[in-house]
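Just so you know, all these numbers are worked out from the coordinates, no wet-lab data involved. All figures in this text were calculated on a predicted structure; none of them were measured in a lab. Don't worry about glycine lacking a Cβ; one is built from the backbone with ideal geometry, like all the others, and counts go over all protein chains shown.
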């Protein structure tokens, strides 16, 4: 659910996954902190079984003394890598792809002019 997070369920036992809370106020805090946008640019809404991995929670977000990681009731994901490099890299790739596409179209247009 977190943009550019590569954690996958079942891949490692060191990372746990947590479903979005049912309580609406806390759920909205999670959504706001994740800051994911949908295709229309609006704030993304999680599906019923959407999860966030343990990499996005501080150590103090978990109950102490449990054998498995259990989030405290008021925990909110706050740990997010700086993915601006990924966004910048993707933007550069898109610009390059667009330039190549435009060059191809211009080349085809020039070729067509020579044959008429």
- Item | the range 6-78: relative contact order as a whole-number percent, Cα under 8 Å and 6+ apart | 32 percent
- Query: Which order results if 71, 43 are arranged by neighbouring Cβ count within 10 Å, fewest first?
  - Reply: 43, 71
- Query: How would you rank 60, 55, going from fewest to most other Cβ atoms within 10 Å of each one's own Cβ?
  - Reply: 60, 55
- Query: Once the Cα atoms of the range 6-78 are picked out, what are the Rg and Dmax in Å?
  - Reply: 12.8, 43
- Please report 31, 68 as a ranked list, fewest other C-beta atoms within 10 angstrom at the top and most at the bottom. 68, 31
